[in-house]
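Report on the following structure.
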Amino acid sequence: MTRILLLGGTTEASALARRLADAGVDAIFSYAGRTESPVAQPLPTRVGGFGGVDGLAAYLRAERITHVIDATHPFAAGMSRNALAACTLTRTPICTLERAPWVVGPGDDWRAVADTAGAVAALPHDPTRIFLAIGKQTLADFAARPQHRYLLRLVDAPTAPLPLTDVTLILARGPFDEADDLALLQTYRIGLIVAKNAGGSGADAKLKAARTLGIPVILIDRPTLPARRVFTEIDDVLYWLSHPARLGL
Ligand code: NAP
């Protein structure tokens, strides 16, 4: 009997949850619990960490999980690494559903950096209005460059004081619209965007708007992960689930 653990937090995970629910597949959806009111899912849902590799391995055994699908955010590397390790320990087949990264196109002024520290190092010296579109977890690194004025867009109001001094906060949940992001960049007279290369269509509006306005973008590359079985299409994940023999599982 198939029983799936779907590690979520992305638009793609929600779309896959819908497909699994419609097909009547036995599956559990898992959220990290990073937002106050996560999108409701059509599957039984649990929230919060498992307690590292050992905790996840114990969970897989206790819940008799037969397959894990890692559809976490491309920057949620800790969860992805733990899932790979726990699946190796428990001999549970695992695949990843991951959207392709954004690729630079004509008219884009992008500079790729390896990580948040690279983004901080790449900031200009002169005071600049910066749209810091990186979520909330690594904001403190930018405190080292207090000469800039930062615009943040977060899903929930912060529960602790922000680590930046000159900061404007907007609360909004994607997907975002290109016309709205164009207006946002103009309203706040943004001169530079810092973003993570999340990929997908829900958050690329700011990049399209930046192209239109000729605004440079510092784009943080995805973290490197061990070799994995990665699919970009939901249909391929469903094929993988239903054809274990052909895939040597
Ligand atoms: P992470 O470093 O991969 O995860 C840290 C821990 O959170 C994991 O070890 C796990 O705890 C728990 N966790 C993560 N995803 C989980 C899931 N789907 N179900 C249950 N537990 C989960 O990821 P992060 O700290 O959440 O985020 C890192 C970066 O990813 C952020 O800075 C942001 O750029 C991006 N991001 C993440 C999410 C998300 O939903 N996680 C959403 C948007 C963006 P245990 O070790 O206890 O199991």
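Counting only residues that are open to solvent by 30 Å² or more (accessible area, probe 1.4 Å), touching a strand residue (DSSP E or B) at 6+ places or on another chain (Cβ under 9 Å) and assigned to a helix (DSSP H, G or I), how many does region 57-72 have?
Here the count works out to 1.
Among the residues that make up region 29-38, is at least one of them among the small types (Gly, Ala, Ser), open to solvent by 30 Å² or more (accessible area, probe 1.4 Å), under 24 Å from ALA203 (Cα atoms) and away from the ligand (no atom under 12 Å from the Cβ)?
yes
Restricting attention to region 164-176, and to residues there that are within 17 Å of ARG149 (Cβ to Cβ) and assigned to a loop (DSSP other than H, G, I, E, B), which single residue is most open to solvent (accessible area, probe 1.4 Å)?
Applying the filter and picking the extreme gives THR165.
Sort out which residues of region 73-103 are in contact (Cβ under 8 Å) with a residue 40 or more places away in the chain, surrounded by fewer than 16 Cβ atoms within 10 Å (Cβ to Cβ) and of a type in the set (A, V, I, L, M, F, W, C), and write them in order of number.
Within region 73-103, ALA77, ALA100 qualify.
The rows are residues; the columns are (1) basic (Lys, Arg); (2) touching a Lys or Arg at 6+ places or on another chain (Cβ under 8 Å); (3) modelled with pLDDT of 95 or more.
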residue	(1), (2), (3)
ARG18	yes, no, yes
GLY48	no, no, yes
ALA58	no, no, yes
ARG61	yes, no, yes
THR66	no, yes, yes
ARG91	yes, no, yes
CYS95	no, yes, yes
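State all residues of region 187-206 that are surrounded by 13 or more Cβ atoms within 10 Å (Cβ to Cβ) and away from the ligand (no atom under 16 Å from the Cβ); if no residue qualifies, say none.
TYR188, ILE190, GLY191, LEU192, ALA205, listed by residue number.
Take region 132-163 and flag every residue that is more than 16 Å from the ligand (Cβ to nearest atom), in contact with a strand residue (DSSP E or B) (Cβ under 8 Å, 6 or more places away or on another chain) and assigned to a loop (DSSP other than H, G, I, E, B).
If the condition is that a residue be more than 16 Å from the ligand (Cβ to nearest atom), in contact with a strand residue (DSSP E or B) (Cβ under 8 Å, 6 or more places away or on another chain) and assigned to a loop (DSSP other than H, G, I, E, B), then HIS148, ALA157 are the ones that fit.
Going through ASP70, ASP126, ASP115 one at a time, which residue ends up being under 18 Å from the mean Cα position of the chain (by Cα), of a type in the set (D, E, K, R) and assigned by TED's automatic domain parsing to the domain that holds LEU162?
Matching residue, one of ASP70, ASP126, ASP115: ASP115.
The values are calculated or read from the model by the stated rules, or taken from the named source; none is laboratory data. Note that this is a predicted model, so its numbers are computed, not measured. Every residue, glycine as well, gets a Cβ built from its backbone with ideal geometry; the counts of neighbours run over all protein chains shown. What goes into the accessible areas is simple: the full protein's heavy atoms, side chains included, and nothing from ligands, DNA or RNA. Shrake-Rupley method; radii C 1.70, N 1.55, O 1.52, S 1.80 Å.
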